[in-house]
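Structure first, commentary second.
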Amino acid sequence: MVIARRLRQNGHEVVVTIRKHPDTTPMANFLKEKVIAVGTYDPASLLTRVEEGAKRQLAFCKLFEKEQPQLAISHGSADQCRVAFGLGIPIISTVDTPYAEAVHRLTLPISSYIVASNAIPRKVLENYNINGELVRFDSVDEVAWIKNFKPKAKYDFGKPLIVVRQIEEKAVYTEKRPNLLAVAKRLTKLGKVVFLSRYDRKETKGLIVPKDFVDSASMVAQADLFVGVGGTITREAALQGVPAIVIKVFSAQFVNDLLIQKGFPIFKTSQSQVVDLARKLIGRKYEVKDKLAKLENPVDTIAGIVDGFSSS
């Protein structure tokens with residue numbers, strides 16, 4: 001969304017598409033962003049993934065049947081990239097999860113520009129037979145919306161507040177699956193615990209399980225601790241000075257390592273050691289404003305590519 005807004009400010013016409021998902025439509029509504037829903041997400045099986053992907057590609061074709069865009073930008077949308085490639089439309093792909101091999105094998109070889117944090121080793125990306133231009137920035141993706149961020153929603157669940165994010169169990173790259181629900185229950189001895197479930201948002205004794213959309217950046221800004229496996233909300237928390245515990249599941253978490261090296265409060269541990277580490281960290285707000293100011297905004301990088309493409 002922040003990319004779309006910047007590009008509009010620069011005079012470009014932008015169409016934002018989403019895939020129907022429990023989080024995408026509510027997020028667009030929350031941000032007051034006009035979007036077009038193209039296809040849905042059904043991770044029930046490999047077959048349903050392929051079927052829905054094929055339907056989504058056809059929907060993209062129909063959407064742009066009369067007028068085709070000049071550029072396609074996505075964060076690893078295999079369906080969008082496939083259609084854009086078939087139509088001869090240059091592709092800009094962003095990358096922050098090197099371990100998402102299935103997606104990268106389908107998108108990076110056909111991308112014209114690959115925008116990635118310089119934390120990710122070049123050789124890791126080159127393993128995907130990239131032919132496009134690799135454009136780097138000294139930062140992480142989340143800086144795009146956390147710089148100058150002010151919470152847009154108020155969450156009053158009590159103090160101290162711990163936020164736990166369930167792992168994306170249905171992602172193709174997820175093999176090890178730590179029990180984040182069990183971790184959340186154990187953390188209740190330290191404070192109020194909000195459990196952000198991915199799909200099954202049922203009431204759970206002792207936990208706060210929001211049924212509706214949650215603005216994660218605003219919530220962790222008001223939290224005393226975050227616990228997850230190292231994804232987006234981890235970095236949203238750390239970039240705002242809130243300690244974030246990462247349960248070690250995925251290797252090659254280069255973007256998290258970059259923030260750790262730059263002094264942001266991300267801490268890795270095993271599932272069994274989460275509570276002990278949480279007890280030491282909870283409520284320790286870190287001063288990161290100056291560190292955040294030094295990080296490059298990836299939106300500047302993408303806007304530069306688009307502006308340059310338009311003027312050529």
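Limited to the range 243-266, what total is found for residues that are in contact (Cβ under 8 Å) with a residue 12 or more places away in the chain and surrounded by fewer than 17 Cβ atoms within 10 Å (Cβ to Cβ)?
The initial filter retains those residues of the range 243-266 that are in contact (Cβ under 8 Å) with a residue 12 or more places away in the chain, namely 243-259, 262-266.
Remaining after also requiring surrounded by fewer than 17 Cβ atoms within 10 Å (Cβ to Cβ): 248, 251-252, 257, 263.
Of the residues in the range 243-266, 5 are in contact (Cβ under 8 Å) with a residue 12 or more places away in the chain and surrounded by fewer than 17 Cβ atoms within 10 Å (Cβ to Cβ).
Report, ordered by the first and then the second residue, all pairs with beta carbons closer than 9 Å, sequence separation of six or more or different chains, a first member in the range 277-289 that is free of Cβ contacts under 8 Å to residues at least 60 places away in the same chain, and a second member that is aliphatic (A, V, I, L, M) and assigned to a helix (DSSP H, G or I).
Taking only residues 6 or more apart or on different chains, the pairs are Tyr286/Ala238; Val288/Ala238.
For the range 5-16, indicate whether the set of residues that are at positive phi, outside any strand (DSSP E or B) and under 18 Å from the mean Cα position of the chain (by Cα) is non-empty.
Within the range 5-16 (the criterion being at positive phi, outside any strand (DSSP E or B) and under 18 Å from the mean Cα position of the chain (by Cα)), the answer is no, since none of the residues qualifies.
If I ask for residues that are surrounded by fewer than 19 Cβ atoms within 10 Å (Cβ to Cβ), touching a residue at least 12 places away in the same chain (Cβ under 8 Å) and either in contact with a helix residue (DSSP H, G or I) (Cβ under 9 Å, 6 or more places away or on another chain) or not in a loop (DSSP other than H, G, I, E, B) (or both), which ones from the range 193-207 would you list?
Thr204, Gly206, Leu207
Which residue out of Val255, Val274, Val214 is out of contact with any Pro (no Cβ under 7 Å at 6 or more places or on another chain), assigned to a helix (DSSP H, G or I) and within 26 Å of Met1 (Cα to Cα)?
When all the criteria are applied, what remains is Val255.
Kindly provide the set of residues from the range 25-35 that are under 24 Å from Gln68 (Cβ atoms) and either part of a loop (DSSP other than H, G, I, E, B) or free of Cβ contacts under 8 Å to residues at least 12 places away in the same chain (or both), ordered by number. Break it down into steps so the answer makes sense when it comes.
So in the range 25-35, the residues under 24 Å from Gln68 (Cβ atoms) come out as 28, 33-35.
Passing the criteria: Glu33, Lys34, Val35.
Quick check: is even one residue across the range 298-306 buried (at least 17 other Cβ atoms within 10 Å of the Cβ), in contact with a Pro (Cβ under 6 Å, 6 or more places away or on another chain), in contact (Cβ under 8 Å) with a residue 12 or more places away in the chain and of a type outside the set (Lys, Arg)?
Looking through the range 298-306, none of the residues is buried (at least 17 other Cβ atoms within 10 Å of the Cβ), in contact with a Pro (Cβ under 6 Å, 6 or more places away or on another chain), in contact (Cβ under 8 Å) with a residue 12 or more places away in the chain and of a type outside the set (Lys, Arg).
Of the numbered conditions (1) exposed (fewer than 15 other Cβ atoms within 10 Å of the Cβ); (2) under 27 Å from Ser197 (Cβ atoms); (3) free of Cβ contacts under 8 Å to residues at least 24 places away in the same chain, Ala54 satisfies every one except a single condition; which is it?
Unmet for Ala54, out of (1) exposed (fewer than 15 other Cβ atoms within 10 Å of the Cβ); (2) under 27 Å from Ser197 (Cβ atoms); (3) free of Cβ contacts under 8 Å to residues at least 24 places away in the same chain: (2).
Can you tell me how many residues in the range 36-49 are out of contact with any helix residue (DSSP H, G or I) (no Cβ under 8 Å at 6 or more places or on another chain) and outside any loop (DSSP other than H, G, I, E, B)?
Step one: of the range 36-49, the residues out of contact with any helix residue (DSSP H, G or I) (no Cβ under 8 Å at 6 or more places or on another chain) are 44-49.
When the remaining residues are screened for being outside any loop (DSSP other than H, G, I, E, B), the result is 46-49.
Of the residues in that region, 4 qualify.
Determine which single condition Ser197 fails, assuming it passes every other condition in (1) out of contact with any Pro (no Cβ under 9 Å at 6 or more places or on another chain); (2) closer than 25 Å to Gln273 by Cβ; (3) modelled with pLDDT under 90.
Looking at each condition in turn, Ser197 falls short on (1).
Regarding Val227, is this residue assigned to a strand (DSSP E or B) and buried (at least 23 other Cβ atoms within 10 Å of the Cβ)? It would help to see each step written out before you state the result.
Details: assigned to a strand (DSSP E or B): yes; buried (at least 23 other Cβ atoms within 10 Å of the Cβ): yes.
Judged against the criteria, Val227 is a match.
Does the range 163-175 contain any residue that is at negative phi, modelled with pLDDT of 95 or more and among the hydrophobic types (A, V, I, L, M, F, W, C)?
Yes, that holds for at least one residue.
The values are calculated or read from the model by the stated rules, or taken from the named source; none is laboratory data. This is a predicted model, so every value here is computed, not measured. Don't worry about glycine lacking a Cβ; one is built from the backbone with ideal geometry, like all the others, and counts go over all protein chains shown.
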